[in-house]
Each structure stands twice: as C-alpha cells, then as structure tokens.
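As structure tokens, the structure follows; a few thoughts come after it.
Every number in this text was worked out from the coordinates using simple rules, so none of it is lab data. Here the structure is a predicted model, which is why all the values come from computation and not from measurement. All Cβ positions, even for glycine, are placed from backbone atoms using ideal geometry, and neighbour counts span all protein chains on display.
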Amino acid sequence: MKNLHERDTVDMPLLKPPGAERPRPYSSLVRVELAGLSDVGRVRANNEDHFLVVRFSRAIDSLITNLPAGTVPAQAAEVGYGMVVADGVGGSAGGEVASRLAIQTLFNLAVSIPDWIMLPDSELTTEIMRRAGERYQQISTVLAEEAQADPDLRNMATTMTLAWSMGADLYVAHLGDSRAYLFHDGALRQLTRDHTLAQAMADRGEIAPEQVARNRLRHVLMQSLGANQCNVEPDIDRYELASGDYLLLCSDGLTDMVRDDIIASVFALKESAEAACRRLVDLALEAGGRDNVTVVVARYHLPDTP
C-alpha cells in the first residue's frame, strides 16, 4: 500500500480551479438607460452640484486563434455602471470646488485599484463595501487638506451619494442628504437616510418623522466629506435589481421641492430614463427651484435568465 504522499500523479483527482468554466456574460447582457441633468435653479447664482455617470468593464477580446469556432467566445465581458451625485456646501466657491473635487478624487481612486471585483460572492461583497468606506475616508482627507491649503475654501464640504451595479447587484454608499431611491414594482423606496440634525432628532423620537421635511434643522449636516471631519462613516448597503426598476440619485434641490409621491408618479409613467430625468428637474423648477437641482436616473432591463 502506498503512502498518501507517494501516490502517482495519475491517482490524484483532477480539481477544476474556480472560474475554469466559460465565464457567464450575465452583466454584459444587462441593458441600462442612463440620464443625468443638473440645473442651477431659479434662486442660486452658481451650481454647487456635480454628478458623474460611468460604464466600467473587464473584458477579453479573442483576436487571432486557430482554435475551432466556439471554443472560446469572441468577447468575454463583465460590465458595471456607476453613478454619483455630490452637493457642495461652504459658500459659493467652496461648495462648487468640494463637490467637483470629491468626484474627481473618487474617479482617480477607482482607476488606480489593481483588482476590480466584478463577480462578487458573499466574501467579496464584504470587501467591496469595505473598500467603499475607505474611499470615502480618503476623499474626505483630500478635501480637508485642500481646505487647509486655501483659506477661501476653509469651510468647504460636500455630500456624496454613490451607486454602482454589476448585473442584478446594486451597491449604494451615502453621506449627507443627497438621496438614492429605487422604484420597484410600482412603489418608490428611499434607499438612503439623511445625515441631518433634523433626521437625527426624529430617530431619537424628539420630533415626529413627518416633521423632518419642515424642520429648520433639516439642512444641518451631521456628516459630510471635508469640513475637517477626521472620520466619516458612510452608509453602505447592497440591493438586488429587477427588470424595469428605476434608480434615482438626486440632490436635495429635488426632494425639497417635489414630494416622494410625485416622484413615484413620474416613474409610474414608465417613460425613458431621459424623459423621467427631464420631468423631475422641471417639476423642481416649477415648484420654485430654490436650490441647485441634480437628478440622475437609471432604468434597468435585465435578461430573463442569467
């Protein structure tokens, strides 16, 4: 009888390494309509809001081979979509710089990551969310350092609400009072919780939830990026998308002017992402447009089977 360590190679079971099968092109089959608009509004002199929508992918294109047709696909790709809205605070110059610099820094941090996670399992999902929290902290540090270097930017800060999807997986990271909503199966759900003093008072039972929207402290931020905040704790969550879902990211220039039920009625029309985006901005302007209005809409079309 052979010792276990002396077994012939032919006796050893062949274990297929993870990912050895042909990659599933599921995320590349997802079709997403995207739209974004930002308007200075009817009162403010300048726009302190900024937004960015991106498409990111990991792909392999087969260029030249003598393998039989169909052995490897012409292209294997995993595709994702990212959206971010930032609403700057701290004065006309500071707020505009803060929101712009926050998104620019986020972009630079994303492209510098050497190992993008495009097929997350439960363990990798934890890592994705950890990285998102780390990125928020890094962005806040960059803003704080910039403010220290320039007295004109001393009090600058920004909200930042970020969403990214890969296939049916949706991740949302959030700090401040810009919001993310999901319209699913005829109902609008707010995915984010405002980091404001009024909301904190409601959470403690000091005021009723329905009083938050009218409270004078509803715009006093408890958390933001910059403003010399050493430690930030963004909310980061994962959701599952379904075909026909609308994702909305917006600054408070929309939600201060347009009620949630009106927002829901816009999506209930089942128009294109571009039409819904335009309609929402117009509603905010018609209601007075007292702040900058920024709206990003994504409409998802998922294949019937992965």
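Using a 10 Å cut-off around each Cβ, can you sort Val297, Val281, Val220, Val40 from fewest to most neighbouring Cβ atoms?
Val220, Val40, Val281, Val297
Go through Leu52, Tyr136, Ile263 and say which Cα lies farthest out towards the positive end of the charge dipole of the chain; charges sit on Cβ, +1 for Lys and Arg, -1 for Asp and Glu.
Ile263
Across 10 Å bins from the origin, how do the percents of Cα pairs in the range 187-247 run, short distances first?
19, 38, 31, 12, 0
Find how much the distance from Leu119 to Ala45 grows on full extension, using 0.36 nm per residue of separation minus their present alpha carbon separation; answer in nm with one decimal.
Result for the pair: 22.2 nm of gain on full extension.
Residue by residue through the range 60-74, what is 3J(HN,Hα) from phi via Karplus (6.51 cos²θ - 1.76 cosθ + 1.60, θ = phi - 60°)? Round to whole Hz and write x for glycine and proline.
After applying 6.51 cos²θ - 1.76 cosθ + 1.60, I find 10, 9, 7, 9, 9, 6, 10, 5, x, 3, x, 5, 10, x, 4 Hz.
To the nearest whole percent, what portion of all C-alpha pairs in the range 127-261 is separated by more than 20 angstrom?
Here the tail beyond 20 Å accounts for 52 percent of pairs.
Projected onto the charge dipole of the chain (+1 at Lys/Arg Cβ, -1 at Asp/Glu Cβ, origin at the Cα centre), which of Leu225, Ile103, Gly80 gives the Cα projection farthest towards the positive end?
Gly80
When the chain is fully extended, how far beyond the present Cα-Cα distance does Arg55 get from Glu210, taking 0.36 nm per residue of separation?
Result for the pair: 52.1 nm of gain on full extension.
For the range 149-207 and the range 237-282, what is the separation of their C-alpha centers, rounded to whole Å?
15 Å
Find how much the distance from Asp237 to Ala268 grows on full extension, using 0.36 nm per residue of separation minus their present alpha carbon separation; answer in nm with one decimal. Present the calculation step by step, with values, prior to reporting the outcome.
Details: separation 31, 0.36 × 31 = 11.16 nm, distance 2.50 nm.
Extending this stretch completely gives an extra 8.7 nm.
How would you rank His174, His184, His301, His195, going from fewest to most other Cβ atoms within 10 Å of each one's own Cβ?
With the fewest neighbours first, His174, His184, His301, His195 line up as His301, His184, His195, His174.
Dividing the Cα convex hull volume of the range 235-275 by residue count, how many Å³ per residue is that?
Each residue corresponds to 105 Å³ of Cα convex hull volume.
Rounded to a whole number, what is D in µm²/s for the chain from Stokes-Einstein with the Kirkwood radius over alpha-carbon pairs (25 °C, 0.890 mPa s)?
The calculation lands on 115 µm²/s.
Relative contact order of the chain: what whole-number percent is it, with Cα pairs under 8 angstrom and at least 6 residues apart?
Details: 619 pairs, mean separation 76.0, N = 306.
Value for the chain: 25 percent.
Give me P(r) over the range 145-197, computed from all C-alpha to C-alpha distances, binned every 5 Å, as integer percentages.
Final binned percentages: 4, 15, 18, 17, 15, 12, 7, 6, 4, 1.
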